[in-house]
Amino acid sequence: MSFRDIRLFNLAMLAKQGWRLLQEKDSLLYGCFKVKYFPQCSFLEAKDVPNISFVWKSLMAAQLILKKGCCWRVGDGSSIRALQDKWIPNYTMNMILHMPSEVDRELWVCDLINWTCHGWDRERIGNMFHREEAEAIYCIPLSKRHISNSIVWMPKKDGEYSVRSGYHIVRLVQKEMPDCEECSESNTNSPIWSRLWKLRIPNKVKIFGWRAGHKILPTRENLAKRQILKEDTCQLCKLGSESVLNVLWDCVVASDVWAGSLTRLQKSGTGLVSFFNLMEEMMLKLTNEEIELFLVLCWVIWNQWNTIVHGGTLQDPNRLVQRATNLLEEFQDAQV
Ligand SMILES: [Zn+2]
């Protein structure tokens, strides 16, 4: 994978978060974002706001991908706008393309259903829409039971978003994508990321740092959030949830490594809430050379931590610090 491909892949991962904002309306994430960014509409209709949080900006980039691949599955048809929304599967663009001449913009899909026979109101539809569109609408099954409308991901048969299918769409739409943080290497709004991309460290470590800062690493906390695991307690220290911050800063492997590293890298921060938080703090107090070592150490810790979790042996922390130092030196020597 090239660096560009990895950024596109990250975008497909972000779209997964966006998908959760569409599906998991009981989640804490949904509650927080809803109030702040799209109180009046759904995530798919949410608008970008200038000078807003980095996370939200990233999600807006992901929204574009979801818009491409999502379509309504008609339940009772209320809340689906007949003329603006995508709700006609098996039809070009999944939406009405020939605007009827005299029609109310606020036409809802439920207005096109004949509730006495639980079928499409063929007379109304036939009079209003282009023949091809009318035919496509008649093919949409309607339930006799009262079911609510849902959003399905068209590229996959089961209608569920997956990173793999998302990545495919990302590649198709990349040209239309706004120049967001994910798509460009420089980030004007967040000094942390632009500084990260400029560091003299291997690309794999930059990507790792970016992902750690965005909590897109397969820790138990993240897997539990995605409901892949039920338990999120750290497998090694059993002290609290297995977050990125726990693994890279607090947990057994990490604390030994930090204790044996440069004084300025040694644990100072308390009350940190996330690895992003830690990165911010480090970026403030460290020189570029120190941050480079810090990130390579995190990367080594992550690998060592994974080795142990998969049954490997715990290595002497001094050797890990040495390995990180060597790795960095070798990389930088090769750059000259
Ligand atoms: Zn732990």
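Please treat every number below as a calculation from the coordinates, not as lab data. On a predicted model such as this, the values are computed, not experimentally measured, just so you know. Positions of Cβ are generated from backbone atoms using ideal geometry, with glycine treated the same way; all protein chains shown enter the neighbour counts.
For the chain, what is one quarter of the convex hull surface built on the Cα atoms, given in nm²? Could you put the intermediate results ahead of the total?
On the way: hull surface 81.7 nm².
The directionally averaged projection comes out at 20.4 nm².
Please give the per residue volume of the convex hull enclosing the alpha carbon atoms of region 75-148, rounded to a whole number of Å³.
85 Å³
Give the peptides 72-78, 11-17 in descending order of average Cβ contacts within 10 Å, highest first. Don't jump to the answer; show the numbers that get you there.
Values: 72-78: 18.9, 11-17: 22.9.
Most protected by this proxy first, the peptides run 11-17, 72-78.
Report, to the nearest 10°, how far helix 317-335 tilts away from the longest principal axis of the Cα atoms in the chain, using its own Cα long axis and a range of 0 to 90°.
It is inclined by approximately 70 degrees.
Show me the three semi-axes of the equivalent ellipsoid for region 185-335, from the C-alpha gyration tensor (sqrt of 5 times each eigenvalue), largest first, rounded to whole Å.
24, 19, 15
So how do 60-68, 280-288, 210-218 stack up, highest first, on mean other-Cβ count within 10 Å?
Sorting 60-68, 280-288, 210-218 by mean packing, highest first, produces 60-68, 210-218, 280-288.
Out of the trypsin sites (Lys or Arg not before Pro) in region 86-147, which ones are loop residues according to DSSP with at most 14 other C-beta atoms within 10 Å?
Sparse-neighbourhood loop trypsin sites (Lys or Arg not before Pro): Arg105, Lys144, Arg145.
Calculate the length of the line joining the C-alpha centroid of region 7-52 to that of region 269-320, in whole Å.
Their Cα centres are 29 Å away from one another.
Are there any GluC sites (Glu not before Pro) in region 89-159 that are in a DSSP loop and have at most 12 other Cβ atoms within 10 Å? List them by number.
Counting only loop positions with at most 12 other Cβ atoms within 10 Å, the GluC sites (Glu not before Pro) in region 89-159 are Glu102, Glu106.
Sort largest first and round to whole Å: the equivalent ellipsoid semi-axes of region 1-90, each the square root of five times a Cα gyration tensor eigenvalue. Could the numbers behind the result be given before it?
Values: eigenvalues 111, 64, 28 Å².
Ellipsoid half-lengths, sorted descending, are 24, 18, 12 Å.
Tell me, what is the FRET efficiency for Val252 and Lys198 to the nearest 0.05, using R0 = 45 angstrom and their Cβ-Cβ distance as r?
0.90
Take the residue pairs Lys68/Lys230; Lys57/Lys215; Lys16/Lys68; Lys68/Lys198; Lys68/Lys156 and return only those whose Cα atoms are more than 21 Å apart.
Numbers: Lys68/Lys230 32 Å; Lys57/Lys215 16 Å; Lys16/Lys68 14 Å; Lys68/Lys198 33 Å; Lys68/Lys156 13 Å.
Violating the 21 Å limit, Cα to Cα: Lys68/Lys230; Lys68/Lys198.
Helix-only estimate, please: 222 nm mean residue ellipticity of the chain, summing -39500 (n - 2.57) across DSSP H runs of length 4 or more and dividing by its residues, to the nearest 500.
-14500 deg cm²/dmol
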